[in-house]
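Data block below; observations after.
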Amino acid sequence: MKKNLLRIIAAIITIIFSILTTVEGSKVLLGVSIQDYTVFTPLLVYNAIMGIVGLFVGAAIWANHKKTIASIKIVLITHSAVFVIVIALHILSNEVAMHSVQAMTVRVLVWLVIFILVWKSNKSEILNKIM
């Protein structure tokens, strides 16, 4: 029961976070929402695309697909790499706003929580099979 609850919580977090990311990024890309800071368009496009990817990962978590952990790792590693690039761009030039650094920090942390929840649910599933 606990493993299913962890997986369901992870799926819900993933889906809600991905919807919010996609909607917010799309609003700015389409000019519906105007920001009061410098918008780095490539990062905005990346975030919108990764929001859509996150929806598929959320569905995989919900369905308990066997490649879910690998998918989450890919998203987490990709976000982490982009996070490092965003920090570098922020420090070396003012092309990237501090808001973007903060947003990428949140993305990395949320995906780390998602990874831990799914990993724990799989870990307890493996332990149940052994015992």
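No value in this document is a laboratory result; all are computed from the given coordinates. In this text, all values refer to a predicted model and were calculated from it rather than measured experimentally. Here the Cβ is made from the backbone with ideal geometry for all residues, glycine too, and neighbour counts use every protein chain on show.
Below, the figures for the structure above:
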quantity	calculated
Efficiency of FRET between VAL45 and LEU5 - r from beta-carbon atoms, R0 30 angstrom, step 0.05	0.30
In the chain, lysine pairs closer than 29 Å at Cα, eight or more apart or cross-chain	23
Neighbour-count ranking [beta-carbon atoms within 10 angstrom, fewest first] of MET98, MET104	MET98, MET104
Cα-only radius of gyration and Dmax that characterise the stretch 68-118, units Å	12.0, 37
Added length on full extension, which subtracts the Cα-Cα distance from 0.36 nm per residue, ILE91 to ILE116	6.0 nm
Positive dipole terminus of the stretch 2-130, leading residue within VAL32, LEU89, TRP111 (C-beta point charges)	TRP111
Proxy reagent accessibility, fewest Cβ within 10 Å first, across PHE40, PHE17	PHE40, PHE17
Footprinting exposure proxy for SER71, SER33, SER100 (fewest neighbouring C-beta atoms within 10 Å first)	SER33, SER71, SER100
Cα gyration tensor, the stretch 40-109 - rounded (a/c under 1.5), prolate or oblate	prolate
Over the chain: helical MRE at 222 nm, DSSP H runs n ≥ 4 each giving -39500 (n - 2.57), nearest 500	-30000 deg cm²/dmol
All-pairs alpha carbon distance profile, the chain, 5 Å steps from 0, percent	2, 11, 20, 21, 16, 12, 8, 5, 3, 1, 1, 0
Contact order relative to length of the chain, as percent, for alpha carbon pairs under 8 angstrom and 6 or more apart	35
Selection of trypsin sites (Lys or Arg not before Pro), the stretch 59-93, meeting DSSP coil and at most 12 other Cβ within 10 Å	LYS66, LYS67
